[in-house]
1. Quick one: in the stretch 103-157, of everything that is within 13 Å of the chain's Cα centre (by Cα), surrounded by fewer than 17 Cβ atoms within 10 Å (Cβ to Cβ) and hydroxyl-bearing (S, T, Y), which residue is modelled with the highest pLDDT?
2. Check V33, V90, V29, V81 and return the single one that is at pLDDT 85 or above and closer than 26 Å to A135 by Cα.
3. Can you name every residue in the stretch 190-200 that is at pLDDT 90 or above and either on the phi > 0 side of the Ramachandran plot or not charged (D, E, K, R) (or both)?
4. Of (1) at pLDDT 85 or above; (2) surrounded by fewer than 23 Cβ atoms within 10 Å (Cβ to Cβ), T7 satisfies all except one. Which?
5. Picking from I164, I169, which residue would you name as being touching a His at 6+ places or on another chain (Cβ under 7 Å) and either closer than 14 Å to I128 by Cα or without any contact (Cβ under 8 Å) to a residue 40 or more places away in the chain (or both)?
6. Find the residue count for the stretch 21-43, including only residues that are of a type in the set (A, V, I, L, M) and without any contact (Cβ under 8 Å) to a residue 12 or more places away in the chain.
7. Please go through the stretch 183-197 and pick out each residue that is surrounded by fewer than 18 Cβ atoms within 10 Å (Cβ to Cβ) and not in a loop (DSSP other than H, G, I, E, B).
8. Would you be able to tell me the number of residues in the stretch 64-74 that are buried (at least 17 other Cβ atoms within 10 Å of the Cβ) and either in contact with a Leu (Cβ under 9 Å, 6 or more places away or on another chain) or hydrophobic (A, V, I, L, M, F, W, C) (or both)?
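The values are calculated or read from the model by the stated rules, or taken from the named source; none is laboratory data. Note that the coordinates shown come from a computational prediction; the quantities given were computed from them, not determined experimentally. Because the Cβ atoms are built from the backbone with ideal geometry, glycine has one as well, and the counts that use them run over all protein chains shown.
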Amino acid sequence: MLDITPTSDTLLVMHFDATNPMDLEQQAVKAAVAADWPTARDLNLRILTLEPNAVDAKVRLGKAYLELRDYTKAKKYFREVLAVDPINTVAQKNYQLAKEEKHSPATQNGFKNLIKEPATYAEVRADIIAKGFTASKIATGAVFVLKVLAAQTKVIYSYKDQPIELAVITDAKMHKRLKAAKDQGATLSGTFVKGTDKELTVLLTSSLPIFDCERQELKPYTKRDFMDSDNEPPEPVIEDN
């Protein structure tokens, strides 16, 4: 078993099987979410010693090197990805940033304190209702405001300093919990972690313990989670509800 304690000021302390690529991937993603790029780099390098052709690990490693401003190595790994997956949009965008010697430093955006208190966070699906938006256009780690109404909970996204009704949480049980939390005066927010097309996975956080108390884990998100954060979505048109 390998015990890695990151040198940054994150709360990550990882105990896992260093010979298991899936365990390593999960920890590598946690490190990236926490913007602990030295640890993310080291974990993805370890994955590649076990699985030299792991494309997702190369994407994550390139991203780590990009954030660490090691542009030569970032370009190397993104080129390797594009050699086998030439339409990989994540590698394309970040390879261009590396060529221009730019980086898009990630922030923790509420992830830092996830493990401090149980039942204060949970993942939920939300369906995008704003025209012109897809999940790939939302920056990883973007923070949402939750608009809890009588019948539904809407996900509000700030676009060009304007609040956009981006999505609706479809889980009726979750909406009921959020409504109860709001009535109790809880502070609620959401953070984007991944998505496909018109569907989001949102990490909900509450100042009160309203969610199930069983142990919750961050899932091992992959390449779509590491889109750089400076791309602009198209002008949205909001559907009438």
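1. The qualifying residue modelled with the highest pLDDT is S136.
2. On inspection, the qualifying residue turns out to be V81.
3. Of the residues in the stretch 190-200, the ones at pLDDT 90 or above are 197-200.
Selection gives D197, L200.
4. Failed condition: (1).
5. I169
6. Selection size over the stretch 21-43: 0.
7. Matches in the stretch 183-197: D183, S189, T196.
8. 4
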